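Shown next, in structure tokens, is the structure this report addresses.
The values are calculated or read from the model by the stated rules, or taken from the named source; none is laboratory data. Note that this is a predicted model, so its numbers are computed, not measured. Here the Cβ is made from the backbone with ideal geometry for all residues, glycine too, and neighbour counts use every protein chain on show.
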């Protein structure tokens, strides 16, 4: 395997790991048992193997038609995530009703975007490494399986430690991902178009970069601490 091939394969698997993280966040904040999380991770494993098998079977024209509907799928998922995220938070904060076992599916179930990304990942890996399609699907599925379980268990553990494992946290996560899905079809094409425009390079020293990240981390920490204090006062009252 050449260096370029290794880089391509690593990039594809990292992208799959990011999708697994999204699924794990939904499972981690929802009221699910560990066995149920393993069941869902197994579904992703099986789906990935099926997608690997379909590489070379599904014609290229059909794949291009599916990709052409990507913006529409993004918008549908974005609206669903935002709506049900708000609904989940409202029902929990206003009525104490836990809808997380149902609404988390918008974040964690294999959606058309995830299925398309999985199929494309298997297609790219099939051209990058010398393995059978079933083996490639199994590799992608194992990344999904491991990533979902690791992310879900880690998020659940940390949320319990900070006393924030509730449907409200799930609703917030769904809203944030919904906004991402809503903005990505607008931002990414604009960014790709901007790459074709010649602009003067702006240098930034490592110190300035570190300072920028430190400021962003500080703002996030201030918001988290403020939210924790408000929640503590609400519980005391």
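Observations, loosely collected:
- Residue 129 vs. criteria over 20 Å from residue 55 (Cα atoms) and surrounded by 15 or more Cβ atoms within 10 Å (Cβ to Cβ): no
- Filter result (under 16 Å from the mean Cα position of the chain (by Cα), within 16 Å of residue 170 (Cβ to Cβ) and part of a helix (DSSP H, G or I)) within segment 26-43: 26, 27, 28, 29, 37, 40
- Sole exception among (1) more than 17 Å from residue 111 (Cα to Cα); (2) surrounded by fewer than 18 Cβ atoms within 10 Å (Cβ to Cβ); (3) modelled with pLDDT of 90 or more for residue 30, by number: (2)
- Yes/no for residue 7 being more than 19 Å from the chain's Cα centre (by Cα), within 24 Å of residue 150 (Cβ to Cβ), at pLDDT below 85 and in a helix (DSSP H, G or I): yes
- Candidates 109, 86: the one that is surrounded by fewer than 20 Cβ atoms within 10 Å (Cβ to Cβ) and farther than 18 Å from residue 31 by Cβ is 86.
- Against the criterion of being assigned by TED's automatic domain parsing to the domain that holds residue 168, free of Cβ contacts under 8 Å to residues at least 12 places away in the same chain, assigned to a helix (DSSP H, G or I) and farther than 12 Å from residue 47 by Cα, residue 147 does not qualify.
- Flag for residue 76 being within 30 Å of residue 171 (Cβ to Cβ) and out of contact with any helix residue (DSSP H, G or I) (no Cβ under 8 Å at 6 or more places or on another chain): yes
- Residue-level analysis places residue 134 among those that are under 29 Å from residue 12 (Cα atoms) and assigned to a helix (DSSP H, G or I).
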